[in-house]
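Below you'll find the structure, written out as structure tokens, and then a few comments.
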């Protein structure tokens, strides 16, 4: 554990909780992509199956349980409790275009051919692109609520902080996992456009709207 | 790689 990894995890946690609280308080999931949320649920489920097979630390297990619970809680709010507020007309990204290639890639580039390792690798590849339906939705509607922007910023920062963590771990522990590093870089690059808009608009008190 | 060890990140 180092400061970059901890900050990344806390940023990730903040993002997930921010989204849950936003939906709960406003009684609405308008502007949120249900498809991205489905992808994140697949990501956490396939990655955290190791809750049952290996123990790293109380911290790790606790965070995994929180991420899983919050993710399924978000899906419940979006597709059951506040379903009428779900803006599915603008959530039109075809997620099979992300699900299938990630799955194929996880069979081609993987450290070891075991079911658990392929599922873990799949979760890494899918996570890298899971935000695309949400970013697509923002580009289609041309705007995002400020709280949604904060959510996206926290979620994007998490993997960027993990990149610093991997650089740190490379020098201090000789840790080098190219699968997770390359996927993490791709994931962070996808947010760059949004980061720019966030810094130039949202942080200056303006609403995030596209020209 | 570290593939024989459990993944210690989230």
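So residue A:64 passes all but one of these: (1) closer than 16 Å to residue B:7 by Cβ; (2) in contact with a helix residue (DSSP H, G or I) (Cβ under 6 Å, 6 or more places away or on another chain); (3) surrounded by fewer than 18 Cβ atoms within 10 Å (Cβ to Cβ). Which condition number does it fail?
Only one criterion in (1) closer than 16 Å to residue B:7 by Cβ; (2) in contact with a helix residue (DSSP H, G or I) (Cβ under 6 Å, 6 or more places away or on another chain); (3) surrounded by fewer than 18 Cβ atoms within 10 Å (Cβ to Cβ) is unmet by residue A:64, namely (3).
Of the residues A:203, A:190, A:135, only one is more than 14 Å from chain B (Cβ to nearest Cβ) and modelled with pLDDT under 95; which? It would help to see each step written out before you state the result.
Details: A:190 fails: modelled with pLDDT under 95; A:135 fails: modelled with pLDDT under 95.
None of the other options fit; the residue is A:203.
Among the residues of the range A:121-141, is there at least one that is in contact (Cβ under 8 Å) with a residue 12 or more places away in the chain and not in a helix (DSSP H, G or I)?
Yes, the range A:121-141 has at least one match.
Does any residue of the range A:150-159 turn out to be within 14 Å of another protein chain (Cβ to nearest Cβ), free of Cβ contacts under 8 Å to residues at least 40 places away in the same chain and either under 27 Å from residue A:86 (Cα atoms) or in contact with a helix residue (DSSP H, G or I) (Cβ under 9 Å, 6 or more places away or on another chain) (or both)? Steps first, answer last, please.
Residues of the range A:150-159 that are within 14 Å of another protein chain (Cβ to nearest Cβ), as a first pass: A:155, A:158-159.
Right, trim to free of Cβ contacts under 8 Å to residues at least 40 places away in the same chain and you get none.
The answer is no; no qualifying residue exists.
Of all residues in the range A:8-40, which are within 14 Å of chain B (Cβ to nearest Cβ) and surrounded by fewer than 17 Cβ atoms within 10 Å (Cβ to Cβ)?
A:10
Conditions (1) buried (at least 16 other Cβ atoms within 10 Å of the Cβ); (2) out of contact with any strand residue (DSSP E or B) (no Cβ under 7 Å at 6 or more places or on another chain), marked per residue:
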residue: A:143; (1), (2): no, no
residue: A:151; (1), (2): yes, yes
residue: A:160; (1), (2): yes, yes
residue: A:167; (1), (2): no, yes
residue: A:176; (1), (2): no, yes
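The values are calculated or read from the model by the stated rules, or taken from the named source; none is laboratory data. Quantities reported herein were computed from a predicted structural model and do not represent experimental measurements. Methodologically, a virtual Cβ is constructed for each residue, glycine included, from the backbone with ideal geometry; neighbour enumeration extends over all protein chains shown.
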